[in-house]
1. Name every residue in region 106-131 that is assigned to a loop (DSSP other than H, G, I, E, B), within 18 Å of ARG165 (Cβ to Cβ) and open to solvent by 10 Å² or more (accessible area, probe 1.4 Å), in order of residue number.
2. Right, THR7: in contact with a Phe, Trp or Tyr (Cβ under 8 Å, 6 or more places away or on another chain), more than 28 Å from ILE116 (Cα to Cα) and exposed (fewer than 12 other Cβ atoms within 10 Å of the Cβ) or not?
3. With respect to PRO60, is the statement that it is in contact (Cβ under 8 Å) with a residue 24 or more places away in the chain and surrounded by fewer than 13 Cβ atoms within 10 Å (Cβ to Cβ) true?
4. Taking region 16-45 as the search range and keeping residues that are within 27 Å of TYR106 (Cβ to Cβ) and β-branched (Val, Ile, Thr), which one is most open to solvent (accessible area, probe 1.4 Å)?
5. Could you count how many residues in region 46-55 are crowded, with 16+ Cβ neighbours inside 10 Å and either out of contact with any helix residue (DSSP H, G or I) (no Cβ under 7 Å at 6 or more places or on another chain) or not hydrophobic (A, V, I, L, M, F, W, C) (or both)?
6. Which numbered condition in (1) in contact with a Leu (Cβ under 7 Å, 6 or more places away or on another chain); (2) in a loop (DSSP other than H, G, I, E, B); (3) closer than 28 Å to ARG165 by Cβ is the only one that HIS244 fails?
7. Quick one: which residue in SER304, SER298 is open to solvent by less than 40 Å² (accessible area, probe 1.4 Å) and on the phi > 0 side of the Ramachandran plot?
8. LYS6: more than 27 Å from HIS303 (Cα to Cα) and touching a residue at least 60 places away in the same chain (Cβ under 8 Å), yes or no?
Amino acid sequence: MVHDQKTLVDEVSGWLRVYDDGSVDRTWAGPPEVKFISEPMPHHHHFVDGVATADVIINPVSGLSVRIYLPEKNPTDLDKFPIVLHFHGGCFCVSRADWFLYYQMYTKLARSARAIVVSVYLRLAPENRLPAACDDGFEALQWLGSLSRAESHETWLDQHADFNRVFLIGDSSGGNVVHEVAARAGHVDLSPMKLSGAIPIHPGFFRSERSKSELEQPESQFLTLNIVDKFLKLALPVNCTKDHPITCPMGAEAPPLEELKLPPILLCLAENDLMKDTEMEYYQGLTKAQKEVELLISPGMGHSFYLNKIAVDLDPNTSAQTSGLIQGISEFIHAH
């Protein structure tokens, strides 16, 4: 197939097309009725439903930037808000921090948890294969550290952030970034900033061999085994398998979990997730390594259900489970 004199060399159904000149087209080509969830949401410095947003460049050389969600101060709030550093999903290949599906979730979390959410615009594969997204996530954490030492400045965070309570959170492949960034943070001195917790939500953990849940749980139009395999082939370093430490942190190729210095972890799972078995392997590995880990399971739900705005709006059960997830995350943040 020829497109503007370019030849299509790879495609992931609906999501992206890769051409022979290395360019990538991420124009949504799936069902038009769901296109709105991937539309960019403009930032607004004024409060809308109790949250203001801003886009900030944190590295002028590379252009690495973040979106900040600031909750409006309530009379009952503490003097400063904890920080939740967010890594978006998309199997390392698609989606951006400003997409509407993240806006509708993380404005809710900022309001509920009384926290500032800082969402990183992660570089995407295949143009930037792993570990690029993890490098960006760790750089954003180090930027927060530089703010805590007054070596850098960002007005909202300088005025309103409690750098003693920084949490990592990530959806799907963003959950993989959470683990990797937390593991790297254990090797450096971030003080006076303190990493207080890590919250991987439905992380994209796999092995080369299919798990029982991959073979038995229902696929959705947005998440099939074929789509995941294609994305990971584009995202992982060339010639690497899904046993790579970023996609299989509990596997033999990864540093032993017991040797890692990790903050308390809240692992969020969905009962009907294709990746449930490997996510549970990660949980069991953390438990065996005597790490502090809690489990939050959403019964009857599938992968990243809380980001599906249509289901959240129309299905009372999905709505209730989303509220329960946000409440569980908020309680974890308040407890740490």
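The values are calculated or read from the model by the stated rules, or taken from the named source; none is laboratory data. None of these values were measured; they are calculated from a predicted model. Here Cβ is always computed from backbone atoms with ideal geometry, including for glycine, and neighbour counts include all displayed protein chains. Only protein heavy atoms, including side chains, enter the accessible area calculation; ligands, DNA and RNA are left aside. Shrake-Rupley method; radii C 1.70, N 1.55, O 1.52, S 1.80 Å.
1. Taking region 106-131 as the starting set, the residues that turn out to be assigned to a loop (DSSP other than H, G, I, E, B) are 114-115, 121-131.
Adding the requirement that they be within 18 Å of ARG165 (Cβ to Cβ) leaves 114-115.
Selection gives ARG114 alone.
2. yes
3. On the way: in contact (Cβ under 8 Å) with a residue 24 or more places away in the chain: no; surrounded by fewer than 13 Cβ atoms within 10 Å (Cβ to Cβ): yes.
No; evaluated as a whole, the condition is false for this residue.
4. THR27
5. Selection size over region 46-55: 2.
6. Unmet condition: (3).
7. Working: SER298 fails: on the phi > 0 side of the Ramachandran plot.
Testing whether each residue is open to solvent by less than 40 Å² (accessible area, probe 1.4 Å) and on the phi > 0 side of the Ramachandran plot leaves just SER304.
8. no
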